[in-house]
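Let me give you the structure first, and then I'll get to my questions.
The values are calculated or read from the model by the stated rules, or taken from the named source; none is laboratory data. All figures in this text were calculated on a predicted structure; none of them were measured in a lab. Don't worry about glycine lacking a Cβ; one is built from the backbone with ideal geometry, like all the others, and counts go over all protein chains shown.
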Amino acid sequence: MFEVSFPTPRRPYVLMQLGSETISFDSYDESQLPLNGAQLCDTLRALGTDNLIYLMMLALLEQKILVHSLRSWMLTAVAESVCALMFPFHWQCPYVPQCPLGLAGVLHAPLPFIAGVDS
């Protein structure tokens, strides 16, 4: 078992025989990474690292996250950045990055969400 080589870009798949079982190891496909670096830069500039880390903690613990901003495009940038940084996990709860004020009653729901409201 200690003699099995790691997968590399030239050899992405490695097979190992362990008893009667064949175990395959493969390298991570970088093309699956989320590609929204520009939004992440905007989010970091607007929130700072401490606040972004706090948002990530809330998201990973499935808490309610309400974002408000005078710039409506920033709502989507922050919400998308939080979801992208959760990779390889996916946000499974309600996600409304641009919640109209007419639907603000949704924010009283007893479940986690990521929502953005124009302030």
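List pairs: first residue in the range 39-52 and of a type outside the set (Gly, Ala, Ser), second residue assigned to a helix (DSSP H, G or I) anywhere in the structure, Cβ distance under 6 angstrom, at least six positions apart or on different chains.
As it stands, the answer is GLN39/ALA77; GLN39/GLU80; GLN39/SER81; LEU40/SER81; ASP42/ALA77; THR43/ALA77; THR43/VAL78; THR43/SER81, since those pairs meet every condition given.
Residues being in contact with a helix residue (DSSP H, G or I) (Cβ under 9 Å, 6 or more places away or on another chain) and within 19 Å of THR43 (Cα to Cα): count how many of those fall in the range 91-119.
Number of matching residues: 12.
Please enumerate the residues belonging to the range 74-119 that are more than 16 Å from GLU62 (Cβ to Cβ), within 15 Å of the chain's Cα centre (by Cα) and of a type in the set (Gly, Ala, Ser).
Passing the criteria: ALA77, SER81, ALA84.
Could you look through the range 55-70, keep only residues that are outside any loop (DSSP other than H, G, I, E, B) and without any contact (Cβ under 8 Å) to a residue 40 or more places away in the chain, and pick out the one that is surrounded by the fewest Cβ atoms within 10 Å (Cβ to Cβ)?
MET57
On the given criteria, is GLU80 at pLDDT 90 or above and in a loop (DSSP other than H, G, I, E, B)?
Against the criterion (at pLDDT 90 or above and in a loop (DSSP other than H, G, I, E, B)), GLU80 does not qualify.
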